[in-house]
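The values are calculated or read from the model by the stated rules, or taken from the named source; none is laboratory data. Keep in mind that this is a model prediction, so the values were computed, not measured. Ideal geometry is used to build each Cβ from the backbone, glycine not excepted, and the neighbour counts take in all protein chains shown. To get the accessible areas, we keep the full protein, side chains included, count just its heavy atoms, and leave off ligands, DNA and RNA. Shrake-Rupley method; radii C 1.70, N 1.55, O 1.52, S 1.80 Å.
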Amino acid sequence: MKPTGLLIAVVLLAGLGGVVWWSNRQQAKADNKKSDTTVKLLSIPDDQFQNIRIKKVTGEAEDLVRENGKWKLTEPKPLPADQDTVSGMVTNLSSLNADNVIEEKPSDLKQYGLAAPALTIDVKRKDGKTDELLIGDDTPTGSGVYAKLANDPRVVTIASFIKTSLDKTPNDLRDKRLMTFDQDKITRVDLEAKGQPLEFGKDAQGEWRILKPRPLRADSSAVNGVVDKLRDAKMDLSGAGDTNKQFASSQKVAVAIVADAAGNHTIEVRKDKDKNYYAKSTDVEGAYKIASDTGDALDKGLDDFRNKKLFDFGFSDPSKVDANGAVYDKSGDKWMSAGKPMDNSTVQNLIDKLRDLSATKFADSAAGQPVFTATVTSNNGKRAEKVTIRKQGDQYFAQRENEPSIYQLDAKSVDDLQAAAKDVKPAPPETKKK
């Protein structure tokens, strides 16, 4: 036989041998595989989780401990933990099922990445029991990962999102909030921005009021917006550089103090020349970069928090309206005036115009003759609000009874209000049934 022919024959024989080997191996795996059977890997009651240790193939480790119902990091550095992130881990581990059993008794764990697992998850329970989960390579399709329990020889696959939820860095696991106040127990908020100290407190109805620099009606939604931003203010840990130095070299934008049952929580926000915001809080150690919308929310002055609405009745139904001396009383579902039924839609249009009456800005003083006066009674007769509108030149100014604030109004809104008052008419006579 020629050398070339002999070489071809050897190659063909080797290839045939490889096919036979692969076929036998796949058959052996198929014999052991239980793709249609759901296998419970872990079943741990939520309240039994006491300690979770995550060890990585690189040698890094994170240790989480639950104390008094709260999770905290103890390794690599003691820090409060992000409760939502750890709760997600607990949820996935508490009832963990395998998608498929790949091999009942594998002879080689290396092919699955389990000889040196990418992740080793150790769970210690309150009752003293321990569980150890090994997570290896991704499956060829990428939809799952190989895994096994340390005390179970079987190699299984689990969903890839399980690995994602457990493969966390210390920055992923730490509590990134800069302020840890209890929003339900806030008693006071102080804000110093634009060079003016402001103080907000709540009245008996739980609505925000401006206390300093002087007592004023507050826009509760604006104050709540600041509180929400402070509650959600979080460290941006994605950047490089020394954030403590960056904070020190930046210009102060605002200082906010939130008081709750535990005491005062203070945060100072600064901005650098590139408009990056940094913050330092009394609740955590160090200074951190923060989202720009948090800094923008605090960079506000007094008028940004003043209530520009002339009336507080909002969407509660008034029981009585006095518009330039014309009095309308609510009786059941009908509006009455001097004992006569009025057209509900025209009275409602007047109420809508009163509700929407809002200042374009605040004025220091105003003069002129009154052109419109309205008193609205609401909250089951407990609240009566009287507003007087004056005209000076071509400008309109309004003032609430017993309050010093002067509201400058848009001329069109006053024209629409006066037109709505004139349009109120009696209800059409009822058609008598024959």
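Selection within the stretch 389-411: residues that are farther than 18 Å from Val376 by Cα and of a type in the set (Ser, Thr, Tyr). The member of this set that is surrounded by the fewest Cβ atoms within 10 Å (Cβ to Cβ) is Ser405.
Does at least one position in the stretch 122-133 carry a residue that is over 30 Å from Val65 (Cα atoms), surrounded by 21 or more Cβ atoms within 10 Å (Cβ to Cβ) and β-branched (Val, Ile, Thr)? No: the stretch 122-133 contains no residue that is over 30 Å from Val65 (Cα atoms), surrounded by 21 or more Cβ atoms within 10 Å (Cβ to Cβ) and β-branched (Val, Ile, Thr). Filtering the stretch 314-351 to residues that are under 18 Å from Phe372 (Cα atoms), open to solvent by 50 Å² or more (accessible area, probe 1.4 Å) and in contact with a helix residue (DSSP H, G or I) (Cβ under 9 Å, 6 or more places away or on another chain) leaves Asn324, Asn349. Of everything in the stretch 261-283 that is in contact (Cβ under 8 Å) with a residue 40 or more places away in the chain and under 20 Å from the mean Cα position of the chain (by Cα), the residue that is most open to solvent (accessible area, probe 1.4 Å) is Asp283. Scanning the stretch 144-167 for residues that are farther than 12 Å from Ile121 by Cβ and touching a Gly at 6+ places or on another chain (Cβ under 7 Å) gives Val145, Tyr146, Thr157, Ala159, Ser160. When the test is whether a residue is within 23 Å of Ser337 (Cβ to Cβ), among the small types (Gly, Ala, Ser), touching a helix residue (DSSP H, G or I) at 6+ places or on another chain (Cβ under 8 Å) and outside any strand (DSSP E or B), Ala421 passes it. If the condition is being in a strand (DSSP E or B) and surrounded by fewer than 17 Cβ atoms within 10 Å (Cβ to Cβ), then the stretch 37-49 contributes Val39, Lys40, Leu42, Ser43. All told, Ala218 falls short of being in contact with a His (Cβ under 9 Å, 6 or more places away or on another chain), surrounded by 17 or more Cβ atoms within 10 Å (Cβ to Cβ) and of a type in the set (Gly, Ala, Ser).
Among the residues of the stretch 303-316, those identified as modelled with pLDDT of 95 or more and in contact with a Leu (Cβ under 9 Å, 6 or more places away or on another chain) are Phe305, Arg306, Asn307, Lys309, Leu310, Phe311. Identification of strands (runs of 3 or more DSSP E) wholly contained in the stretch 281-382 with 3 or more residues that are hydrophobic (A, V, I, L, M, F, W, C) yields 359-363, 369-378. Do you know which of the residues in the stretch 93-124 that are out of contact with any Pro (no Cβ under 8 Å at 6 or more places or on another chain) and polar (S, T, N, Q) is nearest to Val39 (Cα to Cα)? Once the filter is applied, the top-ranked residue is Asn97. Among the conditions (1) buried (at least 19 other Cβ atoms within 10 Å of the Cβ); (2) assigned to a loop (DSSP other than H, G, I, E, B), Pro140 misses just one, which is (1).
Residues are listed down the side, and each one gets a yes or a no for (1) free of Cβ contacts under 8 Å to residues at least 24 places away in the same chain; (2) closer than 23 Å to Thr141 by Cβ:
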site: Asp82; (1), (2): no, no
site: Thr85; (1), (2): no, no
site: Gly88; (1), (2): no, no
site: Leu93; (1), (2): no, no
site: Asp99; (1), (2): no, yes
site: Ile102; (1), (2): no, yes
site: Pro106; (1), (2): no, yes
site: Ala115; (1), (2): yes, yes
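Just the residues that are crowded, with 16+ Cβ neighbours inside 10 Å and farther than 13 Å from Leu93 by Cα, please, taken from the stretch 109-121. The answer is Leu109, Tyr112, Gly113, Leu114, Pro117, Ala118, Leu119. The set of residues from the stretch 83-106 being open to solvent by 30 Å² or more (accessible area, probe 1.4 Å) and among the charged types (D, E, K, R) comprises Asp84, Asp99, Glu104, Lys105.
Contact map, the stretch 371-386: residues that are within 11 Å of Asp317 (Cα to Cα) and among the aliphatic types (A, V, I, L, M) paired with residues that are part of a strand (DSSP E or B) and open to solvent by less than 40 Å² (accessible area, probe 1.4 Å), Cβ distance under 7 Å, separation 6+ or inter-chain. Pairs shown: Val376/Val321; Val376/Glu385. Inside the stretch 159-212, residues that are assigned to a strand (DSSP E or B) and open to solvent by 60 Å² or more (accessible area, probe 1.4 Å) make up a count of 9.
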